[in-house]
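Contents: one structure, followed by commentary.
Here, each number is a calculation from the coordinates, and none is a lab measurement. Every value quoted in this text rests on a predicted model; they were computed, and no experiment measured them. Because the Cβ atoms are built from the backbone with ideal geometry, glycine has one as well, and the counts that use them run over all protein chains shown.
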Amino acid sequence: MPVVFVDRGWRFHFYSNEGDPREPIHVHVAKRGIGDAKLWLYPEVTLADNHGLDARALRWIIEQVSLRRPEITSAWHEHFGTRDER
C-alpha cells in the first residue's frame, strides 16, 4: 500500500491492486480508530466513500486532497507506471 503522505495522523494512500481495469485516480484516507474515506481526484475532488468520518473531518480531508492533488497524481502515475491522460 503506497502511502503518499501522512498529515495529523491521517494516512493518504492507495492500494497496489486498484481493480482490473484500474479505477480512475483516487486516494484513500484513513486514521486508525476514527474512520476512512475514498476520494476521486478528477475532474474535481469528490467523495466516493465514507466510513465513520464526520463533516468536519471530511472538509479538512477534501481541502488537503485539493491542495496536494498534483502530488497525489504524480505518486499514482509513478507507482502504476502510467501517464497523465485526463
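Some notes on this structure:
- Qualifying residue in the stretch 16-28 (condition: touching a strand residue (DSSP E or B) at 6+ places or on another chain (Cβ under 7 Å), surrounded by fewer than 18 Cβ atoms within 10 Å (Cβ to Cβ) and assigned to a loop (DSSP other than H, G, I, E, B)): yes
- Among (1) surrounded by 13 or more Cβ atoms within 10 Å (Cβ to Cβ); (2) under 14 Å from Glu23 (Cβ atoms); (3) of a type in the set (D, E, K, R) - the single one Glu71 does not satisfy: (2)
- For the stretch 37-56, a residue qualifies if it is closer than 21 Å to Gly9 by Cβ and crowded, with 18+ Cβ neighbours inside 10 Å, and the qualifying residues are Ala37, Leu39, Val45, Leu53.
- Qualifying residue in the stretch 47-66 (condition: under 20 Å from His79 (Cα atoms), touching a residue at least 12 places away in the same chain (Cβ under 8 Å), assigned to a helix (DSSP H, G or I) and in contact with a strand residue (DSSP E or B) (Cβ under 6 Å, 6 or more places away or on another chain)): yes
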